[in-house]
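I have placed the structure first, in the form of structure tokens, so that the comments after it can refer back to it.
The values are calculated or read from the model by the stated rules, or taken from the named source; none is laboratory data. On a predicted model such as this, the values are computed, not experimentally measured, just so you know. All Cβ positions, glycine included, derive from the backbone under ideal geometry; neighbour counts span all protein chains shown.
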Amino acid sequence: MAKNDPYAALRIREFNIFLFVRFLLVFGWSMQFIVIEWQVYSITKDPLSLGIIGLMEIIPAFTMALFAGHIVDQKEKRNMLLKCTAAFSFISLGLYFFTSDYVTNNYEINNILYGIYALVFFGGFLRSFFGPTIFSLVALLVPKKIYHNAATWSTSTWKLASVTGALGGGFFISWIDVDNTLLLIYILVILSLIFTFLIKKKPILNTKIGEPIKESLKAGVKFVFENKAILGALTLDMIAVLFGGTVAILSVFAQDILKVGPEGFGMLNASISIGSIVTMFLTTYIPINRNTGKKMLISVFIFGVSIIAFGLSSIFWVSLLALFVSGAADGISMVIRQTILQLKTPDEMRGRVSSVNSMFVGSSNELGAFESGLAAKLVGPVAAVVFGGTMTILTVVTTAAVSPTIRNLDLTEDIKASEIED
């Protein structure tokens, strides 16, 4: 196999099946997020209600993260993915019920909202298991020497599914209404469940099966906090996502500022992911192993600038361009972070390390959603977004000044070492 083969991971059949399954799941999850945000804001016309969606997901996702990582490290990964997918299907079916004509015509709005929030809460609990399972399974499908290539394709697939799911969410709301869109998502999740059976069961590489939970969790947290490269990358991304995220209040911009309807709402969401996809595919040809830290800092800085530009824009195409650039910058940062995690995490600790990652970055998405919704409620959506972008830029500047580990990070030797091990 060619040393720098950009398609190395794609030559493995089970990895291709995994990518297809992941695409279906993320496509469905992304579309579901868009549909629910649109429905909730349409009902309430209150940006704080969008923040509550994020809060409902972060509470279980954050509190369960470490425990979920411990469980994943103790269990067979293919079956864990099957269980998570089956649970996801029940969430989609439940959301279809709460948005159906029967429920909306016969139940009070508050009761419908409580039902939606409850299912979002369960989704946060489920997500705490999804992340570690996906992260751990990737490493079992490809040889270590192409981890960095597999991480790029896996993350690119995730983003491709996000863009099509976000775009599809807006259009399907217009074409077949909210409830039927959620029914479509349920069908896609069932399809992904069927294809998961084509992946064979994988060995459990953790040599400490039955280890006490306290000791297991302590070991995972200790590893992350002692690895400065991992800790620095997670911290930088967490703060950037916490303050720089705009997705949670895009429906406010679409409906009240840009006035572009559900189709424009879907395009705004999609433009972020399109930018990410473009840069992610480029990184399969242009590796990020050299000057990795500097590239990550620059990408997050550009992300912050583009978020400010979006907040100040009242022109639709300018807003689309700003979000495209933010997605492109975020895509580079995401590939770098996933590559760092894959290369520097021992096989037996992947579930726990991924859980810590979800606590830092994944949960900050929902906490950021709550922060954005609350800030938009207090100071208005434009000021909220500009403030978030400014905080992101300040975070990059501070990190570059105080963290030489991140500033000078280079993954060249790590990739060479992985090739020698195989």
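Answer yes or no as to whether GLY351 is under 23 Å from LEU231 (Cβ atoms), in contact (Cβ under 8 Å) with a residue 60 or more places away in the chain and part of a helix (DSSP H, G or I). For GLY351, the condition - under 23 Å from LEU231 (Cβ atoms), in contact (Cβ under 8 Å) with a residue 60 or more places away in the chain and part of a helix (DSSP H, G or I) - is met.
From the list GLY311, GLY388, exactly one residue is modelled with pLDDT of 85 or more and buried (at least 19 other Cβ atoms within 10 Å of the Cβ). Which is it? Spell out the reasoning first.
Details: GLY388 fails: modelled with pLDDT of 85 or more.
GLY311 is the lone residue from the list that is modelled with pLDDT of 85 or more and buried (at least 19 other Cβ atoms within 10 Å of the Cβ).
The test for being crowded, with 24+ Cβ neighbours inside 10 Å, in a helix (DSSP H, G or I) and not hydrophobic (A, V, I, L, M, F, W, C) holds for GLY123.
LEU24 meets each of the listed conditions (1) of a type in the set (A, V, I, L, M, F, W, C); (2) more than 24 Å from VAL189 (Cβ to Cβ); (3) buried (at least 20 other Cβ atoms within 10 Å of the Cβ) apart from (2).
Listed here are the residues, each with its yes/no results for (1) touching a helix residue (DSSP H, G or I) at 6+ places or on another chain (Cβ under 6 Å); (2) closer than 30 Å to TYR147 by Cα; (3) in contact (Cβ under 8 Å) with a residue 40 or more places away in the chain.
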site	(1), (2), (3)
MET267	no, no, yes
THR279	yes, yes, yes
TYR285	no, yes, yes
SER313	yes, no, no
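The residue of segment 154-202 that is modelled with the lowest pLDDT, among those that are out of contact with any helix residue (DSSP H, G or I) (no Cβ under 7 Å at 6 or more places or on another chain), of a type in the set (Val, Ile, Thr) and over 17 Å from LEU81 (Cβ atoms), is ILE176.
Residue pairs whose Cβ atoms lie under 8 Å apart, separated by 6 or more positions or on different chains, with the first residue in segment 35-54 and part of a loop (DSSP other than H, G, I, E, B) and the second among the aromatic types (Phe, Trp, Tyr), do not occur.
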